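Computed from the coordinates by the stated procedures, all read-outs in this text should not be read as laboratory data. Computed from a predicted structure; not experimentally measured. Heads up, the Cβs are rebuilt from the backbone with ideal geometry, glycines too, and the neighbour counts pull from every protein chain shown.
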Amino acid sequence: MPSGQPIKSPRSREPRLPRPVAVAGTGSYIPARVLTNADLEKLVDTTDRWIVERTGIRERRIAAEDECTSHMAAAAARRALENAGLRADEVDLIIVATVTPDTLVPGTACRVQRLIGASNANAFDVSAACAGFLYAVEVGRQFVAGHSCANVLVIGADKLSSLMNWTDRNTCVLFGDGAGAVVLRSLDGSTRILATYMGSNGDLAEILQIPGGGCALPITAENVGQNLRTLQMNGRETFKYAVTAMIRSSLNALDQCGLKVSDIACVIPHQANIRIIEAISDRLDVPMEKFFINLTRVGNTSAASIAIALDEANRAGRIQRGDKILLVAFGGGLTYAASVIEW
């Protein structure tokens, strides 16, 4: 540069305030195959009465052998985009929350991008077990609020039937397969995500885990018959910490936006176990009538759980414009989260 020529600094820009973020559309998908408690009685030492009394679950959906997590996620995504009035090529970012990816590489979000034709989108996965959907929604919200993306597609999807030990009645009776999705946008006069609280406790990682299949414990010819790549759970400890963590998440999220429990019109909890939901109802002093519950017929669908329930509540008219709703989840990790949305 010639001497005497001043170095020009980049043009300064006024900082842009965070944008409000709305849920512009919802969608869900559950597989066709129904696995009832009567069916499970033929597979494992259990009864319909035992399952219903302890979990509230009567049936769950199981994906076909050739139906992968990405297929379910794409089906839910298409319905959410239709509900939002968007084309797939208008999506800027796809986030898939899952613990059952089609493959370790590439991520399931990239496979969804191809399946729905979202050619202009970036894509990545989030792994936070049953709390994964709310984690992914918060990540997506930041992209929209920070002006990085206009349209974000967030999907919770899991095929937990592929990770079940079908001889373990403590786990196999609980879980099902499915996917749910939302479209996040900045829309004036529409729904707003008011607050999200997230937490984790790695000290309790072993009470709910899949120990094998990663680099710490690869599946080998010697251990392949030990069910190491199946879900393992300490039910008593999981129940105790699930209730505590979901209460903490809910109260913190409400506090962030200056609301009281009585301001909430509908609670959509992780659909894990009716006893957990009843305990939360009691501890928060929220009547069960305010809870949206679908676990009776779909079971625990992990990261898809809240996403499916939110779509069903939306389409059933259970939540109305102006309602304030609370979403709250708990999963392995341990992970937990709650979000408050003004609908």
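At most 12 other C-beta atoms within 10 Å and a DSSP loop state: those are the exposed GluC sites (Glu not before Pro) I care about. Give me the longest piece of the chain that has none.
Here the longest run is 66-221.
Thinking of the stretch 187-276 as a set of Cα atoms, what percent of all their pairs are more than 17 Å apart?
Value for the stretch 187-276: 65 percent of Cα pairs lie more than 17 Å apart.
Please pull out the direction-averaged projected area of the stretch 148-194, using the convex hull of its alpha-carbon atoms, in nm² to one decimal place.
The Cα convex hull of the stretch 148-194, projected and averaged over all directions, gives 5.3 nm².
What translational diffusion coefficient, to the nearest whole µm²/s, does the stretch 22-189 have by Stokes-Einstein, given a Kirkwood radius computed over alpha-carbon pairs, a temperature of 20 °C and 1.002 mPa s viscosity?
130
Per the helix-only calculation at 222 nm, which mean residue ellipticity applies to the chain, given -39500 (n - 2.57) for every DSSP H run of n ≥ 4 and division by its residues, nearest 500 deg cm²/dmol?
It lands at -9000 deg cm²/dmol.
Rg and Dmax of the stretch 193-342, Cα atoms, in Å?
Rg and Dmax of the stretch 193-342, Cα atoms, are 17.0, 58 Å.
Compute and list, largest first, the equivalent-ellipsoid semi-axes of the chain from the alpha carbon gyration tensor, each √(5λ) rounded to a whole angstrom.
Taking √(5λ) for each Cα gyration eigenvalue gives 35, 25, 20 Å.
Taking every DSSP beta bridge with both residues inside the stretch 22-189, roughly what % is antiparallel (nearest 5)?
65
Relative to the compact globular guide of 2.2 N^0.38 Å, what is the alpha carbon radius of gyration of the stretch 21-119, as a ratio?
1.36
Hey, got the dipole for the chain? About the Cα centre, +1 on K and R Cβ, -1 on D and E Cβ, debye to the nearest 20?
Dipole size: approximately 820 debye.
Please list, ordered by chain and number, the residues whose modelled amide H lies under 5 Å from the amide H of residue 123; skip anything fewer than 5 residues away on the same chain.
94
So which lysines pass the test for residue 159, namely a Cα distance under 29 Å, with those fewer than 8 places away in the same chain ruled out?
Output for residue 159: 42, 240, 290.
With a 10 Å radius around each residue's Cβ, average the other Cβ atoms per peptide and rank 238-249, 69-80, 174-185, highest first.
Going from most to least packed, we get 174-185, 69-80, 238-249.
Pairs of alpha-carbon atoms within less than 8 angstrom and 6+ residues apart define the contacts here; what relative contact order does the chain have, in percent?
Normalised by residue count, the contact order of the chain is 24 percent.
Take the eigenvalues of the Cα gyration tensor for the stretch 244-283, scale each by 5, and report the square roots as semi-axes in whole Å, largest first.
19, 11, 9
How high is the relative contact order of the stretch 193-342? Use alpha-carbon pairs under 8 Å, at least six apart in sequence, and give a whole percent.
Taking the mean separation of contacting Cα pairs over the length of the stretch 193-342, I get 38 percent.
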